[in-house]
Amino acid sequence: MNGELFFQGERKGGRPGCCVSEDVTRVEATEEYIFGEVLDGHGDKGEFVANETAARLCHGLLPEVLEDPDPEKMRAIAQRIDQELCGFLKISRCYGGTTAAWTILTGEFVCVATVGDTEAYLLRPDMSEPQPMTPAHGTNNAGERARLQSSGWQVRADPDRPKTHYFHPPWTMRLPPIQLSRAFGDFVYGDALQADPETVWQTAWPEEATVLILMSDGVRYALGPSLGAELRLLAGQHKSFQERASEFWTRILRERPYDDVSVVAIDLVGWRKHLASHLNSLN
């Protein structure tokens, strides 16, 4: 598989006095498929959970989904992976979790799945304002707020940052507030913090789509209000895909010189050409 069809950026951050990056990226590409994932760990063992989840998604979930393509089966496998991780963390008395976004592209189906606030975007050159393919699992998600509030959780604003809200677990849990409502590995929060992914599953992405990108929430923080404009530049075809992706990555690093940021971008135009060539060679 031609490595020119994807771009993988992972910067291990570490602001002075702060924790080391817990972001993880992975791409596996063959003649028949591309699999990409971005994970963003948190907590004491966040880096371990992110790496372990990434390995289980690639070596466990991917083969099963390729053999039997089904969105509900993929969701069930993701939840099984979460249960296995939670069981291990309980025994080890470790705390940690991770958000995740992954994609599978084949000649028969394409899909994206997200857990938490790691995002996926399907980009077109003519789009006005890019929107995530799936809703983030956080305090801005009305459905997630209602789900956790029905279990006794509360949503409160940060006293020092009124625009920032947190989920507060019931006081009997004696746990700190969090901004996420779904993640892998966060067993200490019980069933409320599940790893049920949001999925988008189709036979193919629209022809006008040029780039699929997965990215950690650090990218949104890095680019701020300019995120939409930068994604439109990435979607354009004024330069080669690798040139556009490299420039996009350079701007991210310039804006956030210390924080952890990660992206996986896939050239859909090149992928379609590759598929056509591969099918012709088989015939």
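Would you be so kind as to identify all helices of the chain, as entire DSSP H runs, whose Cα atoms reach 27 Å or more along the helix's own axis and whose mean Kyte-Doolittle hydropathy is at least -0.5?
71-92
Applying the Karplus parametrisation 6.51 cos²θ - 1.76 cosθ + 1.60 with θ = phi - 60° to the phi angles of segment 182-195, what ³J(HN,Hα) value in whole Hz is obtained for each residue in order, glycine and proline being reported as x?
Going residue by residue, I get 9, 6, 8, x, 7, 5, 5, 8, x, 5, 5, 9, 8, 10 Hz, with x marking Gly and Pro.
Name the shape class, rounded, prolate or oblate, that the alpha-carbon gyration tensor gives for segment 51-185, where a ≥ b ≥ c are the square roots of its eigenvalues, rounded holds for a/c under 1.5, and otherwise prolate holds if a/b is larger than b/c and oblate otherwise.
Judged from the Cα gyration tensor, segment 51-185 comes out oblate (a/c at least 1.5, b/c at or above a/b).
Can you spot the aspartates and glutamates whose alpha carbon is less than 17 Å from Lys90's alpha carbon? Ignore those fewer than 8 places along the same chain.
Of all the aspartates and glutamates, those that pass the test against Lys90 - Cα under 17 Å, at least 8 places apart if same chain - are Asp44, Glu47, Glu52, Asp82, Asp186, Asp191.
Convert each backbone phi in segment 100-106 into a coupling constant with the Karplus relation 6.51 cos²θ - 1.76 cosθ + 1.60 (shift: θ = phi - 60°), then list the ³J(HN,Hα) values in order as whole Hz, x for Gly and Pro.
7, 9, 9, 9, 10, 10, 9
Of the listed values (1) 65, 45, 39; (2) 63, 40, 33; (3) 71, 37, 33, grab the one calculated as Cα extents along the principal axes in Å from the structure here.
(2)
Quickly rank 122-132, 190-200 as a protection proxy: mean count of other C-beta atoms within 10 Å, highest first.
190-200, 122-132
Values quoted throughout were computed directly from the atomic coordinates according to the rules given, and no laboratory measurement underlies them. Every value quoted in this text rests on a predicted model; they were computed, and no experiment measured them. We place every Cβ from the backbone using ideal geometry, glycine too, and count neighbours over all the protein chains shown.
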